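K.L.:
Quick one: the structure is below, questions incoming.
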Amino acid sequence: MQPLLSDSPFGAITCKADFCCILCRKLITSDYDGYSYIRCEATVVDGHICGHVSHLECALRAYMAGTVGGSINLDAEYLCRYCDSRTDLVPHALKLLNICTSVASYADIEKILNVGICILRGSQKSSAKELLHRIESINAKLMKGVSIQDAFKKESCVDSSGNFSALS
């Protein structure tokens, strides 16, 4: 069945049931700057953006995100079920880490960091390996009871262009 499409103000072709996961069809929330979902930004028909969204957890469970071998061969990537385009998830994992610096709840930080770990685990990309190490280090500190502020001190992270920078 072909989904009903509409043009969004952002030049994206999106489902009329906008902000529903393409995999589970449930509503997507934008809690903590949308850490829990990924939007396909691939250019498709006539220069429009695909725009379909998926919960990261759904994509990970469906082997459509993270590092997946076999015929799909993903390396810290997301594969859009609608248009078959790949999206690098390293910048998204960096966004997750940066979101955590403004979250006050240990439980929420742990949940967000665990999504980042799942996205990056097993990747062969050097930037993904470095970022995974940083996220696991911060997570380990938090599990030992270190304050949130101290857990993020002197940790560096990779920006979307692959450069390292210190988090303040």
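K.L.:
Take the residues in region 71-105 that are open to solvent by 70 Å² or more (accessible area, probe 1.4 Å) and at pLDDT below 90; name whichever of them is nearest to GLY51 (Cα to Cα).
P.N.:
Looking at residues that are open to solvent by 70 Å² or more (accessible area, probe 1.4 Å) and at pLDDT below 90, I get SER71.
K.L.:
Out of (1) open to solvent by 30 Å² or more (accessible area, probe 1.4 Å); (2) assigned to a strand (DSSP E or B), what's the single condition that is false for ASP46?
P.N.:
Result: ASP46 passes all but (2).
K.L.:
Here's another thing I want to ask about it. Looking for whichever is at negative phi, of a type in the set (Val, Ile, Thr) and crowded, with 20+ Cβ neighbours inside 10 Å here; the options are ILE135, ILE117, ILE148. Which one fits?
P.N.:
Just one listed residue meets the conditions, ILE135.
K.L.:
Further question: Checking THR67 against (1) open to solvent by less than 50 Å² (accessible area, probe 1.4 Å); (2) closer than 20 Å to GLY116 by Cα, which test does it fail?
P.N.:
Unmet for THR67, out of (1) open to solvent by less than 50 Å² (accessible area, probe 1.4 Å); (2) closer than 20 Å to GLY116 by Cα: (1).
K.L.:
Starting from region 19-45, keep only residues that are at positive phi, then list their pairs with residues that are in a strand (DSSP E or B) and open to solvent by 80 Å² or more (accessible area, probe 1.4 Å) whose Cβ atoms are within a distance under 9 Å, requiring at least 6 positions of separation or different chains.
P.N.:
Once the first residue is at positive phi and sits in region 19-45, its partners that are in a strand (DSSP E or B) and open to solvent by 80 Å² or more (accessible area, probe 1.4 Å) give PHE19/LEU27.
K.L.:
Here are some residues: ARG39, ARG25. Which one is basic (Lys, Arg) and surrounded by fewer than 18 Cβ atoms within 10 Å (Cβ to Cβ)?
P.N.:
Unique residue meeting the criteria: ARG25.
K.L.:
Mind telling me which of the residues ILE112, ILE119 ends up being touching a residue at least 60 places away in the same chain (Cβ under 8 Å), among the hydrophobic types (A, V, I, L, M, F, W, C) and touching a His at 6+ places or on another chain (Cβ under 8 Å)?
P.N.:
Just a single option satisfies the conditions, and that option is ILE119.
The values are calculated or read from the model by the stated rules, or taken from the named source; none is laboratory data. As the structure is a computational prediction, the values presented were derived from the model and not from experiment. Here the Cβ is made from the backbone with ideal geometry for all residues, glycine too, and neighbour counts use every protein chain on show. To get the accessible areas, we keep the full protein, side chains included, count just its heavy atoms, and leave off ligands, DNA and RNA. Shrake-Rupley method; radii C 1.70, N 1.55, O 1.52, S 1.80 Å.
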